[in-house]
1. Which condition number does Ile48 fail, the rest of (1) in contact (Cβ under 8 Å) with a residue 12 or more places away in the chain; (2) within 14 Å of the ligand (Cβ to nearest atom) being met?
2. Among the numbered criteria (1) of a type in the set (A, V, I, L, M, F, W, C); (2) within 16 Å of the ligand (Cβ to nearest atom); (3) surrounded by fewer than 18 Cβ atoms within 10 Å (Cβ to Cβ), which one does Ile100 miss?
3. I'm checking my understanding of the structure. Among residues of the stretch 76-110 that are modelled with pLDDT of 95 or more, among the hydrophobic types (A, V, I, L, M, F, W, C) and not in a strand (DSSP E or B), which one is farthest from His36 (Cα to Cα)?
4. If you take the residues in the stretch 54-63 that are within 9 Å of the ligand (Cβ to nearest atom) and outside any helix (DSSP H, G or I), which one is nearest to Ser23 (Cα to Cα)?
5. Looking at (1) away from the ligand (no atom under 16 Å from the Cβ); (2) more than 25 Å from Ala130 (Cβ to Cβ), find the lone condition where Ser94 falls short.
6. Among residues belonging to the stretch 1-47 that are in a helix (DSSP H, G or I), modelled with pLDDT under 95 and of a type in the set (A, V, I, L, M), point out the one that is farthest from Leu139 (Cα to Cα).
7. So which of Val34, Val66 ends up being within 14 Å of the chain's Cα centre (by Cα), in contact (Cβ under 8 Å) with a residue 12 or more places away in the chain and away from the ligand (no atom under 16 Å from the Cβ)?
8. Any residue in the stretch 110-135 that's farther than 21 Å from Pro78 by Cα and within 15 Å of the ligand (Cβ to nearest atom): show its pairings with residues that are modelled with pLDDT of 90 or more and among the hydrophobic types (A, V, I, L, M, F, W, C) at Cβ separation under 8 Å, as long as the two are six or more apart or on different chains.
Amino acid sequence: MIDDATKEIVRKRANFLCEYCHSPERISTTRFTVDHLIPKSIGGAAEINNLALACRRCNERRYNFVAGYDSETQAIVPLFNPRQQIWSEHFLWSADGRTIIGITPIGRATCKRLDMNDERYPEDDSIQSARGFWFQAGLHPPSDDPRKS
Ligand SMILES: [Zn+2]
């Protein structure tokens, strides 16, 4: 069980962004969840360095997975770990702000496992159209990596 004080630390540390897809919590219809980097089911603790802020879609899609498949190198690699890695070293935004592009095996495998661009169901590109509106409103993409600020 994660207490409210810990949740607040996690939210502030993340600059109120999902630490995977960088969606802003402030314009989301629901509060983000606290994700265990090492899942509880395999012994991960509710300890601050094992926690990350995640939007509901990323949290659900990550589920208990800790690794993913990179189709470019055919390697099974660990998923992005926001406590150990810097987002901008693994991901880029497309120029129109609608899609996240994985630029490393970890970035590509995480994009795919978390379906960060809704490519699994292209007819339902809800995350991409939402990002298009955020972009037009000047709310997106986030200008800095939380780790660098
Ligand atoms: Zn997310």
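The values are calculated or read from the model by the stated rules, or taken from the named source; none is laboratory data. Just so it is clear, the structure is predicted and the values come from calculations on it, not from any experiment. Note: ideal-geometry Cβ built from the backbone for every residue, glycine included; neighbour counts use all protein chains shown.
1. (2)
2. (3)
3. Across the stretch 76-110, the extreme among qualifying residues is Ile103.
4. The residue in question is Cys55.
5. Of everything listed in (1) away from the ligand (no atom under 16 Å from the Cβ); (2) more than 25 Å from Ala130 (Cβ to Cβ), Ser94 misses just condition (2).
6. Ile42
7. Val66
8. From residues that are farther than 21 Å from Pro78 by Cα and within 15 Å of the ligand (Cβ to nearest atom), the pairs are Ile127/Cys21; Ile127/Met116.
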